[in-house]
1. Do we find that residue 20 is touching a strand residue (DSSP E or B) at 6+ places or on another chain (Cβ under 6 Å), surrounded by 14 or more Cβ atoms within 10 Å (Cβ to Cβ) and without any contact (Cβ under 8 Å) to a residue 12 or more places away in the chain in this structure?
2. Specify the residue that is farthest from residue 15 (Cα to Cα); the eligible residues are those in segment 36-57 that are out of contact with any strand residue (DSSP E or B) (no Cβ under 7 Å at 6 or more places or on another chain) and either without any contact (Cβ under 8 Å) to a residue 12 or more places away in the chain or surrounded by 13 or more Cβ atoms within 10 Å (Cβ to Cβ) (or both).
3. Would segment 34-45 turn up any residue that is within 12 Å of residue 71 (Cα to Cα), out of contact with any helix residue (DSSP H, G or I) (no Cβ under 6 Å at 6 or more places or on another chain), at pLDDT below 90 and not in a loop (DSSP other than H, G, I, E, B)?
4. Those residues that are out of contact with any helix residue (DSSP H, G or I) (no Cβ under 7 Å at 6 or more places or on another chain), closer than 16 Å to residue 64 by Cβ and not in a loop (DSSP other than H, G, I, E, B), I need them from segment 14-33; list them, please.
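The values are calculated or read from the model by the stated rules, or taken from the named source; none is laboratory data. For clarity, every value in this text was computed on a predicted model and none was experimentally measured. So basically every Cβ, Gly included, is an ideal-geometry build from the backbone, and we count neighbours across all protein chains shown.
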């Protein structure tokens with residue numbers, strides 16, 4: 001018997017560009033603290049931040065600090 005799986009999809013919009021991405025997919029994000037590339041693990045309850053798994057740690061990124069963002 002197959003188990004039901006539920007995936008949450010999010011719409012990211014910055015300037016004139018936008019894209020849809022689900023938890024478990026990769027992102028590259030440029031912030032004022034550097035460039036982070038990792039897997040989207042969660043989005044904050046109010047949509048003002050999100051977490052990326054960058055391998056050995058998880059990084060919390062605040063949306064107001066994002067300079068550029070692209071799906072990988």
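1. no
2. Here the answer is 56.
3. Within segment 34-45, none of the residues are within 12 Å of residue 71 (Cα to Cα), out of contact with any helix residue (DSSP H, G or I) (no Cβ under 6 Å at 6 or more places or on another chain), at pLDDT below 90 and not in a loop (DSSP other than H, G, I, E, B).
4. Matches in segment 14-33: 14, 29, 30.
Quick grid of which residues meet (1) under 11 Å from the mean Cα position of the chain (by Cα); (2) over 13 Å from residue 71 (Cβ atoms); (3) in a strand (DSSP E or B):
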{"site": "1", "(1), (2), (3)": "no, yes, no"}
{"site": "4", "(1), (2), (3)": "no, yes, no"}
{"site": "12", "(1), (2), (3)": "yes, no, yes"}
{"site": "47", "(1), (2), (3)": "yes, yes, no"}
{"site": "59", "(1), (2), (3)": "yes, yes, yes"}
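Conditions (1) at pLDDT 95 or above; (2) surrounded by fewer than 10 Cβ atoms within 10 Å (Cβ to Cβ); (3) out of contact with any strand residue (DSSP E or B) (no Cβ under 6 Å at 6 or more places or on another chain), marked per residue:
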{"site": "5", "(1), (2), (3)": "no, yes, yes"}
{"site": "8", "(1), (2), (3)": "no, no, yes"}
{"site": "11", "(1), (2), (3)": "no, yes, no"}
{"site": "59", "(1), (2), (3)": "yes, no, no"}
